[in-house]
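The values are calculated or read from the model by the stated rules, or taken from the named source; none is laboratory data. If you're wondering where the values come from, they're calculated on a predicted model, not measured in any experiment. Please note: Cβ atoms are built from the backbone with ideal geometry, for glycine as well, and neighbour counts cover all protein chains shown.
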């Protein structure tokens with residue numbers, strides 16, 4: 001499987017990278033990380049081997065088609081269900097740093113809610129959805145403010161404005 | 001005052017009120033991803049300064065007890081463990097939810113918590129002095145072997161062995177980031193002050209379990225979502241079933257008690273150990289990680305059992321055994337109560353009220369849990385479009401609250417992205433948690449052992465095997481290794497048979 | 001970056017704000033950052049003081065635990081925060097001083113404004129229950145005959161420094177071993193896994209209750225709380241080293257805000273209920289006001305500096 005091959009290569013390369021980082025450390029500090037990184041490198045190599053062995057096995061036409069489908073599906077998931085929401089969260093994190101937790105929270109709820117609706121059906125993005133989305137974002141943020149800040153007095157991450 | 005009149009004092013409205021309030025707060029903070037009992041306790045700590053010491057203690061004890069249980073609710077219903085210790089419960093409980101058996105899974109969780117809680121507290125009441133002595137026997141050598149046996153558990157989880165090995169190594173690696181505890185040198189910090197304090201386990205859990213799970217739920221149509229079903233199942237059926245699993249609940253409670261006793265090892269290890277053990281001995285036909293109630297029983301009874309036992313070193317020696325009990329010790333200190341053997345002589349009222357009052361916290365937890373389950377499971381009626389954003393912002397807040405650190409929030413987000421990818425390419429995430437928890441224990445205890453052996457002029461292995469206890473633990477490690485190898489072998493054979501048939 | 005942005009946004013109002021503040025600091029909740037996890041000595045001091053100081057100032061004071069990297073993370077955050085009096089810190093001096101001179105920290109001693117000190121808790125050396133040594137003399141003669149054989153456990157920046165100074169001044173070699181917290185250290189000592197522990201006088205009761213022996217305290221004179229424990233000085237070892245919990249603000253407080261805080265602190269310093277809380281917690285209360293604390297710290301810095309310099313390679317290398 002391609003994903004295993006990539007995983008193996010990534011593991012191998014990053015263990016080499018971090019191994020080099022740890023070379024200057026005093027001996028007693030470097031011992032344990034070196035041990036772990038050796039282990040990771042070995043696992044990486046074995047994963048690559050395993051993936052290559054599987055590629056060499058003959059696959060029937062049907063298997064090939066279903067495998068291609070699975071790969072397309074995986075790519076789809078990676079882009080729409082990992083990278084996009086991950087990016088939204090990172091944007092919320094940026095907002096959190098600059099303007100504070102509660103605006104970031106409202107932003108995140110609003111965007112994730114709308115994105116969820118969009119992913120189900122692009123036609124969902126109509127006026128009433130936008131209103132629901134805004135209303136929900138305000139409601140959740142207000143609720144959190146009441147519970148965490150007013151009731152419990154927990155410190156919220158504060159930005160420049162709030 | 002004799003014990004009897006102290007016990008009579010327990011049955012007052014104020015005690016009941018405080019115990020119920022504490023447990024309820026505990027369950028709520030436990031269920032919210034990222035918040036846990038320790039945070040709840042430090043929140044309500046100032047409140048206890050004005051209370052009578054034993055009442056204040058019971059409030060904190062109630063939060064501790066409730067917090068251990070609360071995490072399992074969200075774990076079972078939406079596959080988001082509210083706390084680290086609920087991770088194995090998510091692995092068994094959520095599949096049950098998908099099969100429409102959410103209520104049943106919640107019953108398993110609350111009643112196992114009840115049994116575990118009682119076992120832990122009863123052992124605390126009956127055996128505190130000898131257990132405290134036992135806990136002191138664990139030096140660097142013994143702790144090293146205990147942590148190793150924890151690593152072996154990873155082998156017992158299902159899935160590709162290579163990927164599980166990678167996951168546990170990744171966890172171990174994450175644990176080395178930061179200022180090295182032993183030498184004070186910086187490792188993999190890239191000159192960032194935030195990385196110096198290391199990566200703690202809570203943001204890792206939030207990222208890998210909570211964020212990742214929510215990402216993959218985005219875009220799920222209401223029809224693909226797990227449907228709420230009012231399952232007809234009586235509480236007694238579940239209790240009977242728990243008790244009919246031979247020694248499972250007792251054994252798990254005992255594992256929780258013993259491992260929870262060890263300072264610094266903590267509940268996480270106890271939970272995974274007893275989960276791994278349940279997998280080995282389960283007699284049900286259902287494979288693990290596909291909704292086997294035995295996994296829930298084992299994990300939940302173990303984590304509530306640690307509540308009692310982590311107090312053992314605190315009460316007997318004045319040495320806090322877990323971060324949570326350290327905060328409780330701080331609360332006592334302000335009341336001028338000195339912990340240790342003299343507590344039972346100087347302030348028997350405080351000591352005994354607290355000990356027996358902890359039994360009440362178990363009762364309160366059971367009542368709240370057993371009655372509340374009906375309402376908890378209404379979460380399943382809520383549409384995914386509302387759950388996903390809400391859980392995400394709560395988790396964002398939770399990641400911050402642990403150490404009031406924005407960097408922790410960032411780590412949780414990054415690991416959320418990584419975790420979602422891992423889930424899709426079938427890299428198991430539970431071993432990463434085990435690695436992060438055990439990494440520092442293995443490293444520091446081995447380093448200490450090397451240092452002591454050096455000072456005493458003996459070879460390392462001689463120091464490691466110096467006591468009967470450490471020899472026994474080595475034997476345990478070897479046996480566990482053999483068992484795990486056999487288990488994997490059996491699974492392989494079974495898988496082949498399925499293929500052939 | 002936050003500070004800059006907020007400065008830009010508030011610049012037009014700064015003048016008026018400065019005048020307004022004179023009458024009514026504080027107008028909102030204050031937070032005290034504690035660079036350790038909840039439950040330890042520093043945290044306890046912060047909570048006792050926050051409780052009483054909040055009453056005096058008429059505003060709620062929240063204690064925020066910001067642990068990590070031996071206190072460095074939290075102290076760094078105190079030093080970086082806005083000097084408006086709404087962010088204060090409580091920690092155990094000399095953690096900041098030791099960190100500054102043993103690591104590459106971004107704060108220095110002068111990044112903080114020291115407003116008060118609340119206690120004076122000496123470090124001490126304790127022997128394990130199985131130890132054959134109960135006095136300093138026995139211990140030192142054994143240590144000199146068997147170099148590096150005795151093992152001393154320590155935790156925290158000061159714990160190691162104290163252990164090293166103890167060995168250096170008594171002319172022996174001992175092997176220090178690091179523990180991540182006081183609880184873990186006591187557990188190792190009481191289980192006889194190490195021979196000695198270098199920790200503060202706060203650990204006295206639990207150690208003695210389990211048959212450990214206090215060898216001595218690094219104090220000028222015997223402590224009122226523990227009159228039976230000798231000082232190192234009276235046993236012929238010149239070593240005085242201790243923790244003092246200080247209340248600090250970031251450097252550069254407006255004068256009127258500083259004045260308000262100092263007045264309030266002086267006011268509560270004689271509060272009996274607060275002092276009783278210190279005594280209950282076995283924390284030896286000693287209040288120093290803003291001028292006395294700076295004098296004490298300067299003197300202490302000059303004593304500590306040579307110890308740090310002499311042991312720098314041991315601190316970093318082992």
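All of (1) at negative phi; (2) out of contact with any strand residue (DSSP E or B) (no Cβ under 7 Å at 6 or more places or on another chain) hold for residue C:211 with one exception: (1).
Please work out if residue B:420 is more than 7 Å from chain A (Cβ to nearest Cβ) and buried (at least 23 other Cβ atoms within 10 Å of the Cβ). No. Just one residue in the set B:362, B:350, B:345 is within 14 Å of chain C (Cβ to nearest Cβ) and closer than 21 Å to residue B:48 by Cβ; that residue is B:350. Residues in the stretch B:373-384 that are in a helix (DSSP H, G or I) and either at the interface with another protein chain (Cβ under 7 Å from one of its Cβ atoms) or under 26 Å from residue A:132 (Cα atoms) (or both): B:375, B:376, B:377, B:378, B:379, B:380, B:381, B:384.
Within the option set B:62, B:34, B:82, being crowded, with 24+ Cβ neighbours inside 10 Å and in a helix (DSSP H, G or I) holds for one residue only, B:62.
Yes/no per residue for (1) modelled with pLDDT of 85 or more; (2) over 28 Å from residue A:96 (Cα atoms); (3) buried (at least 22 other Cβ atoms within 10 Å of the Cβ); (4) assigned by TED's automatic domain parsing to the domain that holds residue C:302:
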site	(1), (2), (3), (4)
C:10	no, no, no, no
C:35	yes, no, yes, yes
C:49	yes, yes, yes, yes
C:52	yes, yes, no, yes
C:60	no, no, no, yes
C:69	no, no, yes, yes
C:78	yes, no, yes, yes
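Could you list, ordered by first residue, the pairs with Cβ atoms under 8 Å in which the first is in the stretch A:120-147 and away from every other protein chain (no Cβ under 11 Å) and the second is surrounded by 11 or more Cβ atoms within 10 Å (Cβ to Cβ), at least 6 apart or interchain? Pairs found: A:125/A:114; A:125/A:117; A:125/A:118; A:130/A:114; A:134/A:110; A:138/A:106.
Scanning the stretch B:385-416 for residues that are in a helix (DSSP H, G or I), within 7 Å of chain A (Cβ to nearest Cβ), under 17 Å from residue B:201 (Cβ atoms) and at pLDDT below 90 yields a total of 2.
For the stretch B:271-335, the helices (runs of 4 or more DSSP H) that sit wholly inside it and include 3 or more residues that are closer than 21 Å to residue B:134 by Cβ and under 13 Å from the mean Cα position of the chain (by Cα) are B:293-309.
Any idea which of A:159, A:153 is in contact with a strand residue (DSSP E or B) (Cβ under 9 Å, 6 or more places away or on another chain) and either within 11 Å of another protein chain (Cβ to nearest Cβ) or modelled with pLDDT of 90 or more (or both)? Residue meeting the stated conditions: A:153. Residue B:454 versus (1) facing another protein chain (nearest Cβ under 9 Å); (2) touching a residue at least 60 places away in the same chain (Cβ under 8 Å): which is the lone unmet condition? For residue B:454, the failing item is (2). The helices (runs of 4 or more DSSP H) found wholly in the stretch A:16-117 and carrying at least 2 residues that are touching a residue at least 40 places away in the same chain (Cβ under 8 Å) and facing chain B (nearest Cβ under 10 Å) occupy A:27-56, A:84-99.
Could we say that residue C:222 is over 21 Å from residue B:135 (Cβ atoms) and outside the structural domain of residue C:87 (by TED's automatic domain parsing) here? Walk me through how you get there before you give the answer.
On the way: over 21 Å from residue B:135 (Cβ atoms): yes; outside the structural domain of residue C:87 (by TED's automatic domain parsing): yes.
For residue C:222, the condition - over 21 Å from residue B:135 (Cβ atoms) and outside the structural domain of residue C:87 (by TED's automatic domain parsing) - is met.
The stretch C:219-318 holds helices (runs of 4 or more DSSP H) entirely within its bounds, and those carrying 3 or more residues that are under 26 Å from residue C:39 (Cβ atoms) and within 14 Å of chain B (Cβ to nearest Cβ) map to C:272-280. Could you say whether any residue in the stretch A:99-110 is in contact with a helix residue (DSSP H, G or I) (Cβ under 9 Å, 6 or more places away or on another chain), under 25 Å from residue A:82 (Cβ atoms) and loosely packed, with under 15 Cβ neighbours inside 10 Å? The answer is no; no qualifying residue exists.
Would you tally the residues in the stretch B:179-210 being in a helix (DSSP H, G or I) and facing another protein chain (nearest Cβ under 7 Å)? Working first, answer last.
Within the stretch B:179-210, the first condition is being in a helix (DSSP H, G or I), and the residues that meet it are B:193-196, B:201-210.
Then drop every residue that is not facing another protein chain (nearest Cβ under 7 Å), which leaves B:193, B:196.
Of the residues in that region, 2 qualify.
When the stretch B:235-263 is filtered for residues that are exposed (fewer than 15 other Cβ atoms within 10 Å of the Cβ), in contact with a helix residue (DSSP H, G or I) (Cβ under 9 Å, 6 or more places away or on another chain) and more than 15 Å from residue B:274 (Cα to Cα), the ones remaining, listed by number, are B:235, B:237, B:243.
So which residues in the stretch C:36-51 are assigned to a loop (DSSP other than H, G, I, E, B) and at the interface with chain B (Cβ under 10 Å from one of its Cβ atoms), if there are any at all? I'd like the intermediate steps shown before the answer.
Step one: filter the stretch C:36-51 for residues assigned to a loop (DSSP other than H, G, I, E, B), giving C:36-40.
C:37, C:38, C:39, C:40, listed by residue number.
Every listed requirement among (1) without any contact (Cβ under 8 Å) to a residue 60 or more places away in the chain; (2) surrounded by 24 or more Cβ atoms within 10 Å (Cβ to Cβ); (3) within 14 Å of another protein chain (Cβ to nearest Cβ) is met by residue B:44 save one, (2). Being without any contact (Cβ under 8 Å) to a residue 40 or more places away in the chain, more than 19 Å from the chain's Cα centre (by Cα) and surrounded by 19 or more Cβ atoms within 10 Å (Cβ to Cβ) is true for just one of C:206, C:227, C:176, C:214. Which residue is that? Result: C:206 is the single residue among C:206, C:227, C:176, C:214 that is without any contact (Cβ under 8 Å) to a residue 40 or more places away in the chain, more than 19 Å from the chain's Cα centre (by Cα) and surrounded by 19 or more Cβ atoms within 10 Å (Cβ to Cβ).
Conditions (1) surrounded by fewer than 22 Cβ atoms within 10 Å (Cβ to Cβ); (2) under 22 Å from residue B:88 (Cα atoms), marked per residue:
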{"position": "B:393", "(1), (2)": "no, no"}
{"position": "B:399", "(1), (2)": "no, yes"}
{"position": "B:448", "(1), (2)": "no, no"}
{"position": "B:454", "(1), (2)": "yes, no"}
{"position": "B:466", "(1), (2)": "yes, no"}
{"position": "B:470", "(1), (2)": "no, no"}
{"position": "B:483", "(1), (2)": "yes, yes"}
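Residue by residue through the stretch B:457-489, note down the ones that are outside any helix (DSSP H, G or I) and either within 14 Å of chain C (Cβ to nearest Cβ) or in contact with a strand residue (DSSP E or B) (Cβ under 6 Å, 6 or more places away or on another chain) (or both). B:457, B:458, B:466, B:467 - these are the residues of the stretch B:457-489 that are outside any helix (DSSP H, G or I) and either within 14 Å of chain C (Cβ to nearest Cβ) or in contact with a strand residue (DSSP E or B) (Cβ under 6 Å, 6 or more places away or on another chain) (or both). When the stretch C:52-67 is filtered for residues that are assigned to a helix (DSSP H, G or I), within 13 Å of another protein chain (Cβ to nearest Cβ) and more than 24 Å from the chain's Cα centre (by Cα), only C:55 remains.
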